[in-house]
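Asks: Dropping a structure here in structure tokens format, bear with me for questions.
The values are calculated or read from the model by the stated rules, or taken from the named source; none is laboratory data. Here the structure is a predicted model, which means the values were calculated and not measured. Methodologically, a virtual Cβ is constructed for each residue, glycine included, from the backbone with ideal geometry; neighbour enumeration extends over all protein chains shown.
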Amino acid sequence: MLAENKLLRIGTRGSQLARAQTGQMIAWLRRLGHDVEEVIISTRGDIRQDVPIARIGDDGVFVRELERSLLEGEIDAAVHSLKDLPTATTPGLDLTCIPEREVPFDVIISREGAGLRQLAPGAVIGTASIRRRVQVQAIRPDLEIMPIRGNVDSRLGRLEDGSLDAVILAAAGLSRLGHGDRATEVLQPPDFWPAVAQGALVIQIRSDDDRMREILKPLDHQPTHLAAVAERALLATLAGGCLAPIGSWGRFEADGSLHLGGRVLATTGKSVASVTAMASATVATALEAETLGHQVASELLRQGAGPMLERMRNGIPE
């Protein structure tokens, strides 16, 4: 148990975006009167920038080293992009705090200021995400898609040097780095679905650390938390990792109900197949949010999402 006046050590990946996100959490904690230190930890996903994420390993490539440091007591909490976390929880750790979500959608940034549908035939668009790639193919099968990784600035630099005509990035990350005004077009449902929990951060702690749990309570945003739980339950039911071509978006409507939608995609030769399902319910607890996620996932499975995901797993060489 931490002493009352002990420095809080908050772990983060070393990328510019991860540090910006963690810096926001640290600033909030300091405003609450806590003494906080940033601890930078390298992950496999950060070190291996030369290959697509799916070739590095499982869907925890950005989190495992942070979790190890947390379990071993080197840090007191870890800040993650929630979309990077596997749905299977790590024994001994809790996802205790989910602050208010930023815009959950993807955006396109193009060199000539054109939206996705307005790009010239054969234009080259950069993204390393299978989910983004397949959705682009569904809308513009004529475009050339180039896998790219690296930080936001390096991806934007590919536009400036002329090697790409456009890139697709998460709106939240772009905004957190002060580049929100660079977005050419916001890509959103029903045509373009975000990743599960995209735009949301999460603070992870040790399960037995009751003091950190109390410290973080003021930062938790219940509507975001419940929406994220529903989206992650959908993903878990589909047995899809964060690298799978699955999109989802949960949000509370004006009547107080949680509306959840999901989409599963697959390539079939040169074309793209997809199934979409939506439902809403009055949700006040995590268990109710999970139930809604399972309900939408079950409908996607009924429509054939299982075989579609299996074909994608076996047929995409990324």
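Asks: Determine, yes or no, whether I203 is β-branched (V, I, T) and within 18 Å of T89 (Cβ to Cβ).
Replies: Yes, satisfied.
Asks: Moving on. If you go through the stretch 116-141 one residue at a time, how many are of a type in the set (G, A, S), surrounded by fewer than 22 Cβ atoms within 10 Å (Cβ to Cβ) and at negative phi?
Replies: 4
Asks: Which residue, of G157, G199, is small (G, A, S) and either surrounded by fewer than 24 Cβ atoms within 10 Å (Cβ to Cβ) or without any contact (Cβ under 8 Å) to a residue 60 or more places away in the chain (or both)?
Replies: Only one candidate passes the filter, namely G157.
Asks: I need the full set of residues from the stretch 145-166 which are of a type in the set (V, I, T) and closer than 22 Å to L82 by Cα, in order please.
Replies: I148, V152
Asks: Regarding A305, is this residue loosely packed, with under 14 Cβ neighbours inside 10 Å and not polar (S, T, N, Q)?
Replies: The answer is no for A305.
Asks: When residues of the stretch 121-154 are filtered for being under 20 Å from the mean Cα position of the chain (by Cα) and under 24 Å from N314 (Cβ atoms), how many remain?
Replies: Qualifying residue count for the region: 12.
Asks: I want to confirm something. Restricting to the stretch 87-103 and keeping residues that are in a loop (DSSP other than H, G, I, E, B) and either aliphatic (A, V, I, L, M) or surrounded by 17 or more Cβ atoms within 10 Å (Cβ to Cβ) (or both), which single residue is farthest from the chain's Cα centre (by Cα)?
Replies: Within the stretch 87-103, the match that is farthest from the chain's Cα centre (by Cα) is T90.
Asks: Mind counting the residues in the stretch 175-187 that are under 12 Å from V152 (Cα atoms) and more than 15 Å from the chain's Cα centre (by Cα)?
Replies: The total comes to 5.
Asks: If you don't mind, there's one more thing I want to ask. Quick one: is T285 modelled with pLDDT of 90 or more, outside the structural domain of P147 (by TED's automatic domain parsing), within 18 Å of T89 (Cα to Cα) and of a type in the set (S, T, N, Q)?
Replies: For T285, the condition - modelled with pLDDT of 90 or more, outside the structural domain of P147 (by TED's automatic domain parsing), within 18 Å of T89 (Cα to Cα) and of a type in the set (S, T, N, Q) - is not met.
Asks: List every residue pair whose Cβ atoms lie under 9 Å apart, where the two residues are 6 or more positions apart in sequence or sit on different chains, the first residue falls within the stretch 295-311 and is assigned by TED's automatic domain parsing to the domain that holds V283, and the second residue, located anywhere, is surrounded by fewer than 19 Cβ atoms within 10 Å (Cβ to Cβ) and of a type outside the set (A, V, I, L, M, F, W, C).
Replies: Hits for this filter: L300/T276; L300/G306; Q303/T276; A305/E299; M308/T268; M308/S274; R311/T268.
Asks: What single numbered condition from (1) assigned to a helix (DSSP H, G or I); (2) surrounded by 14 or more Cβ atoms within 10 Å (Cβ to Cβ) fails to hold for N314?
Replies: Among (1) assigned to a helix (DSSP H, G or I); (2) surrounded by 14 or more Cβ atoms within 10 Å (Cβ to Cβ), the lone unmet condition for N314 is (2).
Asks: Looking only at the stretch 213-225, decide whether some residue is in contact with a strand residue (DSSP E or B) (Cβ under 8 Å, 6 or more places away or on another chain), closer than 16 Å to I10 by Cα and surrounded by fewer than 16 Cβ atoms within 10 Å (Cβ to Cβ).
Replies: Yes, there is a match, as at least one residue in the stretch 213-225 is in contact with a strand residue (DSSP E or B) (Cβ under 8 Å, 6 or more places away or on another chain), closer than 16 Å to I10 by Cα and surrounded by fewer than 16 Cβ atoms within 10 Å (Cβ to Cβ).
Asks: Among the candidates G199, G247, G262, which residue alone is modelled with pLDDT of 95 or more, touching a Phe, Trp or Tyr at 6+ places or on another chain (Cβ under 6 Å) and over 19 Å from T285 (Cβ atoms)?
Replies: Answer to the selection: G247.
Asks: Still on this structure, I have one more. So which residues in the stretch 188-211 are within 15 Å of the chain's Cα centre (by Cα), of a type outside the set (S, T, N, Q) and part of a loop (DSSP other than H, G, I, E, B)?
Replies: Answer for the stretch 188-211, where residues must be within 15 Å of the chain's Cα centre (by Cα), of a type outside the set (S, T, N, Q) and part of a loop (DSSP other than H, G, I, E, B): F192, W193, P194, A195, V196, A197, G199, A200.
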